[in-house]
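The values are calculated or read from the model by the stated rules, or taken from the named source; none is laboratory data. Note that this is a predicted model, so its numbers are computed, not measured. Don't worry about glycine lacking a Cβ; one is built from the backbone with ideal geometry, like all the others, and counts go over all protein chains shown.
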Amino acid sequence: MEALFLLIPLSVALVFAALWIFFRASDDGQFDDLVGPAYRILKDDDLPPMDQK
């Protein structure tokens, strides 16, 4: 029973910390463009390099 007095406030604090980190990352733009970098890899560059002749 004494362990619950420690574990319940610790778990509540951990949940609030995780939510704060998630919303902070969301506000900073961490999750804005998840699809763009994947499509950028697929774009084919047909032009030859300029240093080869």
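Does any residue of the range 3-12 turn out to be modelled with pLDDT of 90 or more and within 23 Å of the chain's Cα centre (by Cα)? Before the answer, list the steps.
Taking the range 3-12 first, the residues modelled with pLDDT of 90 or more are 3-12.
Restricting the remaining residues to those that are within 23 Å of the chain's Cα centre (by Cα) gives 11-12.
Looking through the range 3-12, at least one residue is modelled with pLDDT of 90 or more and within 23 Å of the chain's Cα centre (by Cα).
Of the residues in the range 17-43, how many are assigned to a helix (DSSP H, G or I) and surrounded by 10 or more Cβ atoms within 10 Å (Cβ to Cβ)?
Applying the first criterion (assigned to a helix (DSSP H, G or I)) to the range 17-43 yields 17-27, 36-42.
Filter once more, keeping what is surrounded by 10 or more Cβ atoms within 10 Å (Cβ to Cβ): 17-26.
Looking only at that region, the number is 10.
Could you say whether any residue in the range 36-53 is β-branched (Val, Ile, Thr) and at pLDDT 90 or above? Spell out how you get there, then give the answer.
Narrowing the range 36-53 to residues β-branched (Val, Ile, Thr): 41.
Then keep just the ones that are at pLDDT 90 or above; that gives none.
Within the range 36-53, not a single residue is β-branched (Val, Ile, Thr) and at pLDDT 90 or above.
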